[in-house]
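Structure first, commentary second.
The values are calculated or read from the model by the stated rules, or taken from the named source; none is laboratory data. What you see is a predicted model; the values in this text were computed from it and never measured. Here the Cβ positions follow ideal geometry from the backbone for every residue, glycine too, while neighbour counts run over all protein chains shown. Keep in mind that these areas ignore ligands, DNA and RNA; they rest on the heavy atoms of the full protein, side chains included. Shrake-Rupley method; radii C 1.70, N 1.55, O 1.52, S 1.80 Å.
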Amino acid sequence: MQAEQEAQFQSFVAARWSHLVRTAYLLTGDPHDAEDVTQSALAKAYRSWRRVSRMDSPEAYVRRMLVTCNSDRFRKRRVAERLTDSVPDTSVHDNAVAWADERNVLMAALAQLPARQRAVVVMRYWEDLSEAETADVLGCSPGTVKSQASKALAKLRAWPGLGRIAPVNEMNEGAVL
């Protein structure tokens with residue numbers, strides 16, 4: 001890779017790393033898996049950065065790689081995780097603990113969604129992509145995005161405890177979901 005493209009790629013990673021990791025965290029539900037998936041997607045982007053950097057939206061292409069890398073990890077053998085219904089007792093009682101409880105409820109609800117529905121919810125409502133953009137990222141039709149979002153939202157509405165979560169503007173906006 002030429003020095004100029006190398007610098008472009010490094011600049012892209014520096015600017016978008018935390019955003020991509022947050023998106024991956026919502027897809028994976030685990031901070032370590034999120035970093036792994038993000039690194040895998042960026043490694044693939046690096047190999048083809050000459051082509052990726054010339055696209056209208058390199059970030060959209062890398063985001064699609066992120067979703068694909070997340071799907072790929074399910075094809076590999078992995079240790080099953082068991083989510084619990086409650087957070088372990090702590091001695092700290094402040095807003096951070098309440099926010100962590102809410103985040104755990106949300107992450108448990110997202111974790112129970114099938115991978116495709118979870119990806120649709122993350123792309124549509126966390127990334128704030130349109131139905132067409134989400135369809136493009138996931139490689140499906142806008143109708144599939146609509147139906148998967150509808151099914152996912154119905155499941156999330158039925159999840160116990162999600163009705164108690166404070167609206168986003170009341171939460172600590174600086175914290176990572």
Region 128-168, subset open to solvent by 40 Å² or more (accessible area, probe 1.4 Å) and in a loop (DSSP other than H, G, I, E, B), residue modelled with the highest pLDDT:
Ser141
Between residues in region 51-77 that are without any contact (Cβ under 8 Å) to a residue 40 or more places away in the chain and residues that are of a type outside the set (A, V, I, L, M, F, W, C) and open to solvent by 60 Å² or more (accessible area, probe 1.4 Å), which pairs lie under 6 Å by C-beta distance while being six or more apart or on different chains?
Val52/Tyr61; Met55/Tyr61; Met65/Lys44
Residues being outside any helix (DSSP H, G or I) and open to solvent by 20 Å² or more (accessible area, probe 1.4 Å): count how many of those fall in region 106-118.
2
Quick check, is Val121 at pLDDT 90 or above and either loosely packed, with under 10 Cβ neighbours inside 10 Å or under 15 Å from Ala24 (Cα atoms) (or both)?
yes
Taking the criterion of being among the β-branched types (Val, Ile, Thr), over 22 Å from Ala111 (Cβ atoms) and crowded, with 16+ Cβ neighbours inside 10 Å, would at least one residue in region 56-69 satisfy it?
yes
May I ask you to verify whether Ala100 is open to solvent by less than 30 Å² (accessible area, probe 1.4 Å), closer than 29 Å to Leu162 by Cβ, modelled with pLDDT under 90 and part of a helix (DSSP H, G or I)?
yes
